[in-house]
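Accompanying notes for the structure given below.
The values are calculated or read from the model by the stated rules, or taken from the named source; none is laboratory data. Computed from a predicted structure; not experimentally measured. Note that we place each Cβ from the backbone using ideal geometry, even for glycine, and neighbour counts take in every protein chain shown.
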Amino acid sequence: MNYHRAGSGKPLLLIHGIGGSWTSWGPVLSALEKTNDVIAVDLPGFGTSAPLSGPVTIYTLADAITDFLKEKDLLGIDAVGSSMGARLVLELARRGNILGSVVSLDPGGFWEGWERHALFASLTISIKAVRALQSIMPLLTQSKLGRKVLFAQLSAHPDNISPSLAISEMKNYAASSSFDELLYNLVYGEEQQGSKKGSIKKPLVIAWGLNDYVCFPGQAQRAMDLFEDARLYWFKNCGHFPHWDSPEETVHLINHVTQSNDGLLNL
(Lines give C-alpha, C1' and ligand atoms only; values in the text may rest on other atoms or scores of the structure.)
Protein backbone atom coordinates (compact mmCIF):
# COMPACT_ATOMS: atom_id res chain seq x y z
CA MET A 1 0.00 0.00 0.00
CA ASN A 2 1.54 3.31 -1.07
CA TYR A 3 1.59 6.04 1.56
CA HIS A 4 2.95 9.49 2.34
CA ARG A 5 4.55 9.97 5.75
CA ALA A 6 5.81 13.28 7.10
CA GLY A 7 5.80 15.47 10.21
CA SER A 8 6.51 14.70 13.84
CA GLY A 9 4.46 14.05 16.91
CA LYS A 10 1.61 11.67 17.59
CA PRO A 11 0.90 9.31 14.63
CA LEU A 12 -2.20 10.19 12.61
CA LEU A 13 -3.71 8.11 9.80
CA LEU A 14 -5.55 9.82 6.92
CA ILE A 15 -7.87 7.81 4.65
CA HIS A 16 -9.19 9.42 1.45
CA GLY A 17 -12.54 9.03 -0.28
CA ILE A 18 -13.51 6.98 -3.34
CA GLY A 19 -11.43 7.87 -6.37
CA GLY A 20 -8.98 9.97 -4.39
CA SER A 21 -5.46 9.39 -3.12
CA TRP A 22 -3.29 10.66 -0.28
CA THR A 23 -2.92 13.94 -2.20
CA SER A 24 -6.63 14.64 -1.56
CA TRP A 25 -5.52 15.85 1.88
CA GLY A 26 -3.33 18.58 0.37
CA PRO A 27 -5.15 21.58 1.91
CA VAL A 28 -4.58 20.32 5.47
CA LEU A 29 -1.39 18.27 5.21
CA SER A 30 1.22 20.89 6.08
CA ALA A 31 -0.76 22.12 9.10
CA LEU A 32 -1.35 18.61 10.43
CA GLU A 33 2.30 17.70 9.94
CA LYS A 34 3.34 20.48 12.33
CA THR A 35 1.92 18.54 15.27
CA ASN A 36 1.50 15.00 13.95
CA ASP A 37 3.43 12.14 12.38
CA VAL A 38 1.02 11.94 9.42
CA ILE A 39 0.54 8.71 7.46
CA ALA A 40 -1.73 9.33 4.47
CA VAL A 41 -2.43 6.16 2.48
CA ASP A 42 -3.46 5.32 -1.06
CA LEU A 43 -6.12 2.66 -0.57
CA PRO A 44 -5.78 -0.49 -2.73
CA GLY A 45 -6.88 0.28 -6.28
CA PHE A 46 -6.46 4.04 -5.83
CA GLY A 47 -3.55 6.42 -6.28
CA THR A 48 -0.49 4.27 -6.92
CA SER A 49 -1.53 1.30 -4.76
CA ALA A 50 -2.23 -2.01 -6.50
CA PRO A 51 -5.85 -3.23 -6.31
CA LEU A 52 -6.99 -6.03 -4.05
CA SER A 53 -6.90 -9.49 -5.57
CA GLY A 54 -10.49 -10.20 -4.53
CA PRO A 55 -13.71 -8.23 -3.98
CA VAL A 56 -13.43 -4.52 -3.24
CA THR A 57 -15.78 -3.61 -0.39
CA ILE A 58 -15.73 -1.58 2.79
CA TYR A 59 -15.00 -4.75 4.74
CA THR A 60 -12.12 -5.95 2.53
CA LEU A 61 -10.59 -2.46 2.53
CA ALA A 62 -10.92 -2.38 6.33
CA ASP A 63 -9.07 -5.72 6.44
CA ALA A 64 -6.33 -4.26 4.21
CA ILE A 65 -5.93 -1.21 6.44
CA THR A 66 -5.76 -3.44 9.51
CA ASP A 67 -3.02 -5.54 7.91
CA PHE A 68 -1.12 -2.36 6.96
CA LEU A 69 -1.29 -1.03 10.53
CA LYS A 70 -0.11 -4.36 11.95
CA GLU A 71 2.79 -4.45 9.48
CA LYS A 72 3.85 -0.89 10.39
CA ASP A 73 3.29 -1.41 14.14
CA LEU A 74 0.64 1.32 14.14
CA LEU A 75 -2.32 -0.37 15.79
CA GLY A 76 -4.11 2.12 18.02
CA ILE A 77 -3.29 5.06 15.76
CA ASP A 78 -5.66 8.06 15.67
CA ALA A 79 -7.42 8.31 12.32
CA VAL A 80 -9.34 10.68 10.08
CA GLY A 81 -11.40 9.56 7.11
CA SER A 82 -13.20 11.44 4.36
CA SER A 83 -16.36 10.25 2.59
CA MET A 84 -15.86 6.55 1.84
CA GLY A 85 -12.73 6.74 3.99
CA ALA A 86 -14.91 8.20 6.75
CA ARG A 87 -17.06 5.10 6.62
CA LEU A 88 -13.90 3.01 6.74
CA VAL A 89 -12.71 4.61 9.98
CA LEU A 90 -16.16 4.05 11.49
CA GLU A 91 -15.99 0.38 10.53
CA LEU A 92 -12.50 0.09 12.02
CA ALA A 93 -13.62 1.86 15.20
CA ARG A 94 -16.57 -0.53 15.45
CA ARG A 95 -14.26 -3.55 15.24
CA GLY A 96 -12.23 -2.38 18.24
CA ASN A 97 -8.52 -2.49 19.11
CA ILE A 98 -7.46 -1.07 15.73
CA LEU A 99 -7.76 2.72 15.99
CA GLY A 100 -7.45 5.36 18.69
CA SER A 101 -9.41 8.60 18.43
CA VAL A 102 -11.43 8.94 15.22
CA VAL A 103 -12.76 11.82 13.14
CA SER A 104 -15.18 10.79 10.38
CA LEU A 105 -15.81 13.55 7.81
CA ASP A 106 -19.11 13.19 5.92
CA PRO A 107 -19.19 9.38 5.85
CA GLY A 108 -20.98 7.52 3.07
CA GLY A 109 -23.26 4.58 3.67
CA PHE A 110 -26.15 6.15 5.57
CA TRP A 111 -28.44 6.90 2.62
CA GLU A 112 -31.94 5.44 2.29
CA GLY A 113 -34.50 4.99 -0.49
CA TRP A 114 -34.18 7.44 -3.37
CA GLU A 115 -30.95 8.89 -1.93
CA ARG A 116 -29.16 5.63 -2.69
CA HIS A 117 -30.23 5.53 -6.34
CA ALA A 118 -29.66 9.25 -6.88
CA LEU A 119 -26.12 9.01 -5.52
CA PHE A 120 -25.23 6.01 -7.65
CA ALA A 121 -26.63 7.62 -10.79
CA SER A 122 -24.95 10.98 -10.21
CA LEU A 123 -21.52 9.52 -9.43
CA THR A 124 -21.73 7.04 -12.32
CA ILE A 125 -22.48 9.86 -14.75
CA SER A 126 -19.77 12.02 -13.19
CA ILE A 127 -17.01 9.41 -13.46
CA LYS A 128 -17.88 8.72 -17.09
CA ALA A 129 -17.66 12.44 -17.82
CA VAL A 130 -14.35 12.78 -15.98
CA ARG A 131 -12.86 9.92 -17.97
CA ALA A 132 -14.14 11.30 -21.26
CA LEU A 133 -12.75 14.79 -20.55
CA GLN A 134 -9.21 13.78 -19.56
CA SER A 135 -7.66 15.26 -22.72
CA ILE A 136 -8.89 18.75 -21.84
CA MET A 137 -8.79 18.37 -18.04
CA PRO A 138 -5.65 20.54 -17.62
CA LEU A 139 -7.48 23.40 -19.33
CA LEU A 140 -10.68 22.90 -17.32
CA THR A 141 -8.93 22.74 -13.96
CA GLN A 142 -6.97 25.94 -14.63
CA SER A 143 -10.24 27.83 -14.98
CA LYS A 144 -12.31 28.95 -11.98
CA LEU A 145 -15.45 28.28 -14.01
CA GLY A 146 -14.15 24.85 -14.96
CA ARG A 147 -13.46 23.96 -11.33
CA LYS A 148 -16.87 25.25 -10.33
CA VAL A 149 -18.54 22.90 -12.80
CA LEU A 150 -16.31 19.91 -12.04
CA PHE A 151 -16.57 20.12 -8.24
CA ALA A 152 -20.06 21.59 -7.76
CA GLN A 153 -21.35 18.42 -6.10
CA LEU A 154 -18.35 18.03 -3.82
CA SER A 155 -17.54 21.51 -2.56
CA ALA A 156 -19.40 24.57 -1.33
CA HIS A 157 -16.61 26.71 -2.81
CA PRO A 158 -15.40 24.79 -5.88
CA ASP A 159 -13.87 27.81 -7.60
CA ASN A 160 -11.52 28.19 -4.59
CA ILE A 161 -10.00 24.73 -5.09
CA SER A 162 -6.41 25.08 -6.29
CA PRO A 163 -5.68 24.06 -9.89
CA SER A 164 -3.03 21.61 -8.68
CA LEU A 165 -5.45 19.81 -6.35
CA ALA A 166 -8.17 19.88 -9.01
CA ILE A 167 -6.06 18.24 -11.72
CA SER A 168 -4.68 15.68 -9.26
CA GLU A 169 -8.19 14.67 -8.19
CA MET A 170 -9.51 14.47 -11.74
CA LYS A 171 -6.59 12.30 -12.86
CA ASN A 172 -6.94 10.02 -9.85
CA TYR A 173 -10.68 9.61 -10.32
CA ALA A 174 -10.21 8.61 -13.96
CA ALA A 175 -7.33 6.22 -13.24
CA SER A 176 -8.82 4.43 -10.20
CA SER A 177 -9.02 0.76 -11.13
CA SER A 178 -11.36 -0.05 -8.22
CA PHE A 179 -13.74 2.92 -8.54
CA ASP A 180 -16.65 1.21 -10.30
CA GLU A 181 -16.71 -1.97 -8.23
CA LEU A 182 -16.34 -0.10 -4.96
CA LEU A 183 -19.02 2.45 -5.86
CA TYR A 184 -21.55 -0.29 -6.53
CA ASN A 185 -20.66 -2.20 -3.37
CA LEU A 186 -20.60 0.98 -1.31
CA VAL A 187 -24.11 1.92 -2.40
CA TYR A 188 -25.80 -1.46 -2.80
CA GLY A 189 -23.53 -3.82 -0.83
CA GLU A 190 -23.04 -4.32 2.88
CA GLU A 191 -25.08 -2.17 5.21
CA GLN A 192 -22.93 -0.44 7.80
CA GLN A 193 -23.18 -2.05 11.21
CA GLY A 194 -23.15 0.13 14.29
CA SER A 195 -21.87 -0.03 17.83
CA LYS A 196 -23.66 0.04 21.15
CA LYS A 197 -23.17 2.75 23.75
CA GLY A 198 -19.98 2.21 25.70
CA SER A 199 -18.34 -0.15 23.20
CA ILE A 200 -16.05 2.51 21.69
CA LYS A 201 -13.74 3.80 24.39
CA LYS A 202 -11.77 6.44 22.44
CA PRO A 203 -13.16 9.80 21.27
CA LEU A 204 -15.26 9.46 18.11
CA VAL A 205 -16.56 12.49 16.20
CA ILE A 206 -18.75 12.37 13.12
CA ALA A 207 -18.53 15.71 11.31
CA TRP A 208 -20.78 16.89 8.48
CA GLY A 209 -20.91 19.76 6.04
CA LEU A 210 -24.26 21.53 6.10
CA ASN A 211 -24.01 21.98 2.32
CA ASP A 212 -23.15 18.37 1.48
CA TYR A 213 -24.81 17.36 -1.81
CA VAL A 214 -23.31 13.85 -1.86
CA CYS A 215 -24.27 12.64 1.60
CA PHE A 216 -27.14 14.89 2.59
CA PRO A 217 -27.01 16.40 6.11
CA GLY A 218 -30.12 14.50 7.17
CA GLN A 219 -28.07 11.31 7.02
CA ALA A 220 -25.96 12.48 9.96
CA GLN A 221 -28.60 11.44 12.47
CA ARG A 222 -28.70 7.93 11.01
CA ALA A 223 -24.96 7.65 11.54
CA MET A 224 -25.33 8.91 15.10
CA ASP A 225 -28.11 6.40 15.78
CA LEU A 226 -25.78 3.57 14.74
CA PHE A 227 -22.72 4.86 16.57
CA GLU A 228 -24.06 5.76 19.99
CA ASP A 229 -20.68 6.81 21.42
CA ALA A 230 -20.09 9.41 18.69
CA ARG A 231 -20.41 13.16 18.96
CA LEU A 232 -21.66 15.24 16.05
CA TYR A 233 -19.94 18.32 14.67
CA TRP A 234 -21.39 20.57 11.95
CA PHE A 235 -19.28 22.47 9.43
CA LYS A 236 -21.18 25.56 8.36
CA ASN A 237 -20.93 26.65 4.73
CA CYS A 238 -19.04 23.47 3.81
CA GLY A 239 -19.79 20.74 1.30
CA HIS A 240 -18.79 17.08 1.17
CA PHE A 241 -15.10 17.80 1.78
CA PRO A 242 -14.69 20.15 4.78
CA HIS A 243 -10.90 19.84 4.53
CA TRP A 244 -11.18 21.60 1.16
CA ASP A 245 -13.81 24.19 2.09
CA SER A 246 -12.60 25.02 5.60
CA PRO A 247 -9.05 23.68 6.09
CA GLU A 248 -8.22 25.64 9.25
CA GLU A 249 -11.43 24.58 11.01
CA THR A 250 -10.84 20.97 9.95
CA VAL A 251 -7.30 20.97 11.33
CA HIS A 252 -8.54 22.54 14.58
CA LEU A 253 -11.21 19.85 14.96
CA ILE A 254 -8.80 17.00 14.22
CA ASN A 255 -6.19 18.26 16.67
CA HIS A 256 -8.82 18.94 19.32
CA VAL A 257 -10.16 15.40 19.10
CA THR A 258 -6.87 13.54 18.79
CA GLN A 259 -4.62 15.54 21.10
CA SER A 260 -6.85 16.42 24.04
CA ASN A 261 -5.82 14.54 27.17
CA ASP A 262 -9.29 13.59 28.33
CA GLY A 263 -11.05 13.35 24.96
CA LEU A 264 -13.82 15.65 26.12
CA LEU A 265 -15.22 17.98 23.49
CA ASN A 266 -17.21 21.15 23.57
CA LEU A 267 -18.84 20.76 20.15
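Could you list all residues from the range 2-21 that are assigned to a loop (DSSP other than H, G, I, E, B) and either in contact with a Lys or Arg (Cβ under 7 Å, 6 or more places away or on another chain) or on the phi < 0 side of the Ramachandran plot (or both)? I'd like the intermediate steps shown before the answer.
Our first condition is that a residue be assigned to a loop (DSSP other than H, G, I, E, B); within the range 2-21, this holds for 2, 8-9, 16-21.
Selection gives 2, 8, 16, 17, 18, 20, 21.
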Residue among 29, 99 that is at pLDDT 95 or above, of a type outside the set (Asp, Glu) and either surrounded by fewer than 19 Cβ atoms within 10 Å (Cβ to Cβ) or within 27 Å of residue 156 (Cβ to Cβ) (or both) = 29
ask   = residue 60 fails exactly one of the following numbered conditions: (1) in contact (Cβ under 8 Å) with a residue 12 or more places away in the chain; (2) over 23 Å from residue 26 (Cα atoms). What is the number of that condition?
value = (1)
message = Checking residue 263 against (1) closer than 15 Å to residue 78 by Cα; (2) at pLDDT 95 or above, only one condition comes out false. Which one?
response = (2)
message = I need the full set of residues from the range 1-30 which are under 20 Å from residue 100 (Cβ atoms) and among the small types (Gly, Ala, Ser), in order please.
response = 6, 7, 8, 9
ask   = Counting just the residues of the range 22-45 that are over 13 Å from the mean Cα position of the chain (by Cα) and part of a loop (DSSP other than H, G, I, E, B), which one comes out farthest from residue 167 (Cα to Cα)?
value = 35
inquiry  = Can you tell me how many residues within the range 81-116 are without any contact (Cβ under 8 Å) to a residue 60 or more places away in the chain and of a type outside the set (Val, Ile, Thr)?
reply    = 5
